[in-house]
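**Student:** Below you will find the structure I want to go over with you.
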Amino acid sequence: MDYKGITAGEISLALDVQRSNISHILNGRNMPGAALIEKLLLKYPDLDARWLLTGIGNMIQENTVGDKPAD
């Protein structure tokens, strides 16, 4: 969110999820489910799935040839 310069409210709208879902994830109350992770990767194709799931590697894919730019 910091990298993209978007708020929790904006990401909830972009992913079509409730704002409280994002808030609970950010506060550590809940872990993101597979459906939310899928929405994130589809909406922001430059995000690296491995980093998103494990924290290993780079947050942004270095080679996103053929991917459309994120909104």
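**Student:** With a probe of 1.4 Å, find how much accessible area the chain has per residue, and write the answer as a whole number in Å².
**Tutor:** Normalised by residue count, the accessible surface of the chain is 72 Å².
**Student:** Rounded to the nearest 10 Å², what accessible area does Ser23 have for a 1.4 Å probe in the complete protein model?
**Tutor:** Surface accessible to solvent at Ser23 totals approximately 30 Å².
**Student:** Under the √(5λ) rule applied to the eigenvalues of the Cα gyration tensor, what semi-axes describe the equivalent ellipsoid of the chain? Give them in Å, descending.
**Tutor:** The equivalent ellipsoid of the chain has semi-axes of 20, 14, 11 Å.
**Student:** Run the numbers for Ser23 and Leu36: contour at 0.36 nm per residue of separation, minus the present Cα-Cα distance, in nm.
**Tutor:** 3.4 nm
**Student:** Right, next: Using the Cα centre of the chain as origin and beta-carbon charges of +1 (Lys, Arg) and -1 (Asp, Glu), tell me which of Asn63, Ile25, Trp51 is placed farthest towards the positive end of the dipole.
**Tutor:** Most positive-ward Cα: Ile25.
**Student:** Another question, then. What do you get for the angle between helix 34-43 and the principal long axis of the chain? Use alpha-carbon atoms, 0 to 90 degrees, nearest ten.
**Tutor:** Compared with the principal axis, the helix lies near 50 degrees.
**Student:** Now for a different question. If you rank Glu38, Glu62 by how much accessible surface each has, with a 1.4 Å probe, what is the order from largest down?
**Tutor:** Most to least solvent-accessible, the answer reads Glu62, Glu38.
**Student:** Further question on the same structure: I need to check one value: relative contact order of the chain, counting alpha carbon pairs closer than 8 Å and at least 6 residues apart, in percent.
**Tutor:** RCO, the chain: 21 percent.
**Student:** When the accessible area of the chain is computed with all protein chains present and a 1.4 Å probe, what percentage of it is carbon and sulfur?
**Tutor:** 52
**Student:** Let me ask something additional. Can you order the peptides 28-35, 40-47, 3-10, 15-22 by their average number of other Cβ atoms within 10 Å per residue, highest first?
**Tutor:** 40-47, 15-22, 3-10, 28-35
**Student:** Run the 1.4 Å probe and let me know the accessible area of Asp48, rounded to the nearest 10 Å².
**Tutor:** Asp48 exposes around 40 Å² with every protein chain in place.
The values are calculated or read from the model by the stated rules, or taken from the named source; none is laboratory data. All figures in this text were calculated on a predicted structure; none of them were measured in a lab. Positions of Cβ are generated from backbone atoms using ideal geometry, with glycine treated the same way; all protein chains shown enter the neighbour counts. Heads up: the accessible areas ignore ligands, DNA and RNA and are worked out on the full protein's heavy atoms, side chains in. Shrake-Rupley method; radii C 1.70, N 1.55, O 1.52, S 1.80 Å.
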